[in-house]
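Please read the structure below before turning to the comments.
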Amino acid sequence: MPGKAPAKMAISTTINGQNYDFLCEPRQSLLEVLRDSLQLTGAKEGCNNGNCGACTVLLDGEPVNSCIVLAVEVQGRELTTIEGIANRGELHPIQQCFLEGAALQCGICTPGFIVAAKALLDKKPNPSEEEIRFALAGNLCRCTGYDKIVRSVQAASERIQAGSTPKQNPQPNQTNQQQAQQQQ
Ligand code: FES
Ligand code: FES
């Protein structure tokens, strides 16, 4: 006899400055909900067990592997995904420097590296090479190697300090619906 489907829980959270309400099963990972329910597919599934960093997002400003965070854990908290790093089409200096520094090939690891690098530069705008390598140690790349990635984060650090910090993301606590109404 088929088992009863588990009850879904109602979760309310902020993602990239916008309010999101969704239903999820208690067993579902944050990565699964982001990609399959909310269509935020920038965070990638590499290993799905917390080893590669491709699924990195910021939870209250701290980098986490979203494949090993339960979606129910984000109730009332603030998330930033790779979709929230650029500002209305203007790339963040980290993204721009990855492009200019050819710091990617297949790109599967790239969202995780960029989000992890943002977490570092938000806290420490002028990190040493060692600090960059340490902060990115949980992110694996199987194509590019790490030198171009580290050089690109160094270049982004210089650019941010020179004053090209991008404008902030959309207004916090504004719903998608409110934003759509304002644009009408
Ligand atoms: S997919 Fe999450 S750490 Fe690899
Ligand atoms: S660019 Fe392919 S895994 Fe990093």
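The values are calculated or read from the model by the stated rules, or taken from the named source; none is laboratory data. The structure presented is a predicted model; accordingly, all values stated were derived computationally and were not measured. All Cβ positions, glycine included, derive from the backbone under ideal geometry; neighbour counts span all protein chains shown. Accessible surface is based on the protein model in full, side chains and every heavy atom, while ligands, DNA and RNA are left aside. Shrake-Rupley method; radii C 1.70, N 1.55, O 1.52, S 1.80 Å.
If you count, for each residue, the other Cβ atoms within 10 Å and average over each peptide, how do 125-137, 48-60, 84-96, 103-115 line up from highest to lowest? Mind showing how you got there, number by number?
Details: 125-137: 14.4, 48-60: 20.1, 84-96: 17.4, 103-115: 21.6.
So the order, starting with the most tightly packed, is 103-115, 48-60, 84-96, 125-137.
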Report the relative contact order of region 9-84, percent, no decimals, based on alpha-carbon pairs under 8 angstrom and at least 6 residues apart.
40
Compute the convex hull volume of the Cα atoms of region 9-84, divide it by the residue count, and report the result per residue in Å³ as a whole number.
72
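Ignoring everything except DSSP H segments at least 4 long, calculate the 222 nm mean residue ellipticity for the chain; use -39,500 (n - 2.57) per segment, divide by total residues, nearest 500. Can you show the working numbers first?
Details: 5 runs with 52 residues, N = 184.
Estimated from H runs of four or more residues: -8500 deg cm²/dmol.
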Sulfur and carbon atoms: percent of accessible area, region 9-84 [1.4 Å]:
44
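Whole number in Å², please: accessible area per residue of the chain, 1.4 Å probe, ligands, DNA and RNA not counted.
Values: 10000 Å² over 184 residues.
Using a 1.4 Å probe on heavy atoms only, each residue of the chain averages 54 Å².
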Mean separation of Cα contacts under 8 Å, 6 or more apart, over the residue count of region 5-132: relative contact order %
26
Largest first, how would K124, K44 line up by accessible area (1.4 Å probe)?
K124, K44
Net charge (Lys, Arg +1; Asp, Glu -1) of residues whose beta-carbon lies under 13 Å from that of P111, P111 excluded, is +1
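Once you order the gyration tensor axes a ≥ b ≥ c over the Cα atoms, which shape class does region 53-144 get: rounded for a/c under 1.5, otherwise prolate or oblate by comparing a/b with b/c?
It is rounded, given that a/c, with a ≥ b ≥ c, falls under 1.5.
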In whole Å, what three semi-axes, largest first, describe the equivalent ellipsoid of the chain built from its Cα gyration tensor (square root of 5 times each eigenvalue)?
29, 21, 13
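Based on the Cα gyration tensor of region 93-162, what are the three equivalent ellipsoid semi-axes, each the root of five times an eigenvalue, rounded to whole Å and given largest first? Provide the component values of the computation, followed by the final result.
On the way: eigenvalues 60, 33, 19 Å².
They are 17, 13, 10 Å, listed largest first.
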For the pair V72 and A86, the simple spin-label estimate (label points 7 Å beyond Cα toward Cβ) gives in nm 3.6
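Using a cut-off of 14 Å between beta-carbons, work out the net charge of the residues near K124 (Lys and Arg +1, Asp and Glu -1, K124 not included).
Numbers: positive: K118, K123, R133; negative: E62, D122, E129, E130, E131, E158.
So the surrounding residues net to -3.
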Can you give me the distance in nm between label points at Q105 and R133, each placed 7 Å from the Cα along the Cα-to-Cβ direction?
2.1
Residues A5 and Y146, FRET efficiency given R0 of 41 Å [Cβ-Cβ distance, rounded to 0.05]
0.40
